[in-house]
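What follows is calculated from the coordinates using simple rules that are stated; it is not laboratory data. This structure is a prediction, so every number in the text was calculated from the model and none was measured.
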């Protein structure tokens, strides 16, 4: 298998509200490839898709019910502690749900979590030991 992730698809309850969050709050680039049924955001090296939860579950052949922690977080690494804090201040001003305010991590980094309108968790982290991002 080629070692890459091409597309991450999140199941969402309200497609319009989720598009507004990812486009207007996070500032992700909304793609013209989107339709009324699915939304796409072209990121650096991968794509993010938003698809109604019930339709995504149907497509995968599983039940849509479920709650609580899903066992997955999406992460966005930045180059400094200050960048983590600055991004959280911006997110808070735009009304994002802050799940865990940025703080020093036991492994030496600086990290915090926010949630999208459907509760999908996003981590924003500065890791002085491991950079994941463009150079």
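With the helix formula -39500 (n - 2.57) applied to DSSP H stretches of n ≥ 4, the chain reaches a computed 222 nm mean residue ellipticity of -5500 deg cm²/dmol. If the Kirkwood radius is taken over C-alpha pairs of the range 73-126, then at 20 °C and 1.002 mPa s the Stokes-Einstein diffusion coefficient equals 196 µm²/s.
Measure nothing but the geometry: give the 0 to 90° angle between the long axis through the Cα atoms of 81-93 and the longest principal axis through the Cα atoms of the chain, rounded to 10°. Computed tilt is about 50 degrees. Let me see the pair-distance distribution of the chain: every alpha carbon pair, 10 Å bin width, integer percents in order. So the P(r) values, bin by bin, are 11, 38, 37, 13, 1. Shown here are the Rg and Dmax of the Cα trace of the range 1-68, at 12.7, 35 Å.
Across all C-alpha atoms in the range 49-105, the radius of gyration and Dmax reach 15.9, 43 Å.
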